[in-house]
1. Could you please find all residues in the range B:1-17 being within 18 Å of residue B:64 (Cα to Cα) and either more than 7 Å from chain A (Cβ to nearest Cβ) or touching a strand residue (DSSP E or B) at 6+ places or on another chain (Cβ under 9 Å) (or both)?
2. Tally up the residues in the range B:171-186 that are over 24 Å from residue A:18 (Cβ atoms) and either among the basic types (Lys, Arg) or open to solvent by less than 50 Å² (accessible area, probe 1.4 Å) (or both), please.
3. Sort out which residues of the range A:1-34 are outside any helix (DSSP H, G or I) and open to solvent by less than 20 Å² (accessible area, probe 1.4 Å), and write them in order of number.
4. Any chance the range B:22-39 includes a residue that's at pLDDT 90 or above, over 14 Å from the mean Cα position of the chain (by Cα) and hydrophobic (A, V, I, L, M, F, W, C)?
5. When you scan the range B:29-68, how many residues do you find that are among the aliphatic types (A, V, I, L, M), in contact with a Leu (Cβ under 7 Å, 6 or more places away or on another chain), more than 9 Å from chain A (Cβ to nearest Cβ) and in contact (Cβ under 8 Å) with a residue 24 or more places away in the chain?
6. Going by what's in this entry, would residue B:28 be described as in a helix (DSSP H, G or I) and closer than 18 Å to residue B:133 by Cα?
7. Pull up the range B:107-131, narrow it to residues that are within 18 Å of residue A:7 (Cα to Cα) and open to solvent by 50 Å² or more (accessible area, probe 1.4 Å), then point me to the one that is modelled with the lowest pLDDT.
Amino acid sequence: MNMTDIENRLHSIASEMEYPPTPDIAEVVVTRLPKFPSHFGRGERGEGHPRLFSRKLAWSLTIMLVLASSLMLIPPARAAIIEFIQIGIVRIFPQPTESTAGIPVTEEPEIFTPPTAAPVAELPSLIPLLDKIAGETKLANTQETAPYPILLPTYPADLGLPDHVYVQDVEGMMTVLVWVDPQQPEGVTMSLHFIPTGHWAINKMGPTVLQETEVNGQRAIWAEGPYPLFMRNGNVEFVRLIEGHVLIWGDGNLTYRLETDLSLEEAVKTAESLAPIR
Amino acid sequence: MDESTLIRRSVNGDTAAWESLVRLHQQAVFRFAYLILGDPDDAEDVAQESFLRAWKYLERFDAARPFRPWLLSITSNLASNWRRSAGRYISALTRAFRYEPTPDSIEEKSAKAMQANELWEAVKRMKKADQQVVYLRYFLDLSVAETADVLQIAEGTVKSRMSRALRKLQNIIREDFPALIEGREI
């Protein structure tokens with residue numbers, strides 16, 4: 001069999017490959033295009049003058065789209081101004097119907113993407129995905145990679161060392177420590193994120209319970225899910241669902257995010273027990 | 001409207017023209033990403049990013065050259081870096097949102113499709129650079145010139161890499177995927 005025969009045979013086999021259905025990528029891509037207007041006006045015309053009309057049009061369309069999205073998501077009375085609470089790089093948009101009395105909120109026009117998630121009840125667990133997460137490393141190596149001290153909870157006393165450690169470069173090194181349930185190795189009991197200040201913004205939409213608290217005297221927020229979470233860095237947006245409860249607090253250029261099924265009091269104790277790796 | 005007109009309009013900010021271009025090429029881009037990554041969700045993410053990146057840098061595209069290889073070269077770079085990127089991490093966390101059980105079990109696939117799947121498994125055992133040549137030439141049916149454009153290497157290099165890759169692939173198939181031979185030598 002010569003090379004041509006081999007190639008023909010490979011062509012023949014490969015042509016029978018069954019691929020997953022191609023999703024409608026065009027639709028999603030087009031909705032994200034206004035974020036990249038950088039080349040408008042420098043096309044074939046070549047006059048060197050910015051095409052302000054196109055840029056204005058793009059922005060107008062963006063604003064209209066955002067307003068329309070916002071109006072679909074929130075009651076009309078709150079459509080003009082969206083309130084949020086910010087801790088570090090995390091912004092929390094409380095549910096309009098839930099009371100957040102006592103929590104000072106910032107008022108600022110904000111752009112966000114409407115959730116596209118399936119109903120909560122249909123969501124499978126995130127747990128089997130642990131082995132797919134990139135950047136897994138050993139705890140001992142983490143401190144060498146991250147430009148900030150890696151702290152471990154010393155409470156609860158029997159917590160032990162994290163079972164999984166991930167370090168990811170997200171325009172800054174983000175570290176995630178994960179503890180699994182020793183009785184059910186596929187069940188996560190706690191995760192702790194160390195998120196550096198960068199271009200990332202994390203938005204939480206409408207947690208069912210939202211409470212202000214303190215960690216080491218610093219303002220902190222306790223949120224109970226489930227609720228959608230948006231992470232974005234300008235041109236990339238991702239959505240995930242938070243099923244557990246989350247305690248968020250900031251310290252300098254670092255935002256901590258403790259995800260757990262513990263109570264608020266226990267979570268604060270855990271947060272305040274953070275200590276350098278021995 | 002032909003492709004060059006769509007590209008010209010897109011460069012001037014015509015999003016409708018860009019949408020048409022995306023529709024023309026989304027299947028090839030998605031499939032290429034899928035072959036490299038082996039995961040439809042990752043492939044979708046990378047395909048989206050490929051088109052967004054292409055839009056952003058459309059001015060740099062040489063209109064005298066074919067468009068699809070340029071797009072696929074972006075996909076190749078993005079997919080190659082995907083596993084070690086932040087996007088991969090967050091996308092994995094996101095997976096639960098879009099999870100749908102795959103209706104087709106392996107048993108339900110046709111014999112030919114299973115054979116193609118076995119070939120894919122065999123190709124995955126090769127070096128990344130060799131994998132991409134095989135995907136582009138045999139799975140996506142690109143010419144040598146187009147493959148060279150995607151991989152940004154000379155056509156002669158594609159041929160020599162192809163030849164080397166095929167020898168390796170033959171060995172892998174003989175050792176681990178004999179069913180692919182089916183009485184015919186590969």
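1. Here is the first cut: in the range B:1-17, the ones within 18 Å of residue B:64 (Cα to Cα) are B:1-12.
If the condition is that a residue be within 18 Å of residue B:64 (Cα to Cα) and either more than 7 Å from chain A (Cβ to nearest Cβ) or touching a strand residue (DSSP E or B) at 6+ places or on another chain (Cβ under 9 Å) (or both), then B:1, B:2, B:3, B:4, B:5, B:6, B:7, B:9, B:10 are the ones that fit.
2. The first filter runs over the range B:171-186 and keeps only residues over 24 Å from residue A:18 (Cβ atoms), leaving B:171, B:174-175, B:185.
Applying the additional criterion that residues be either among the basic types (Lys, Arg) or open to solvent by less than 50 Å² (accessible area, probe 1.4 Å) (or both) yields B:174.
Selection size over the range B:171-186: 1.
3. Restricting attention to the range A:1-34, the residues satisfying the condition of being outside any helix (DSSP H, G or I) are A:1-2, A:15-24.
Of everything in the range A:1-34, just one residue is outside any helix (DSSP H, G or I) and open to solvent by less than 20 Å² (accessible area, probe 1.4 Å), namely A:17.
4. Yes, the range B:22-39 has at least one match.
5. Residues of the range B:29-68 that are among the aliphatic types (A, V, I, L, M), as a first pass: B:29, B:33, B:35-37, B:43, B:46-47, B:52, B:54, B:58, B:63-64.
Those still in the list that are in contact with a Leu (Cβ under 7 Å, 6 or more places away or on another chain) too: B:29, B:43, B:46, B:54.
With more than 9 Å from chain A (Cβ to nearest Cβ) added as a condition, the list becomes B:46, B:54.
Next, from what is left, pick out any that are in contact (Cβ under 8 Å) with a residue 24 or more places away in the chain: B:46.
Residues that pass the stated criteria total 1.
6. Values: in a helix (DSSP H, G or I): yes; closer than 18 Å to residue B:133 by Cα: yes.
Criteria met by residue B:28.
7. Restricting to residues being within 18 Å of residue A:7 (Cα to Cα) and open to solvent by 50 Å² or more (accessible area, probe 1.4 Å), the top hit is B:112.
The values are calculated or read from the model by the stated rules, or taken from the named source; none is laboratory data. Predicted model, so just to flag it, every value in this text is computed and none were measured. Every residue, glycine among them, receives a Cβ derived from its backbone with ideal geometry; neighbour counts consider all protein chains shown. Heads up: the accessible areas ignore ligands, DNA and RNA and are worked out on the full protein's heavy atoms, side chains in. Shrake-Rupley method; radii C 1.70, N 1.55, O 1.52, S 1.80 Å.
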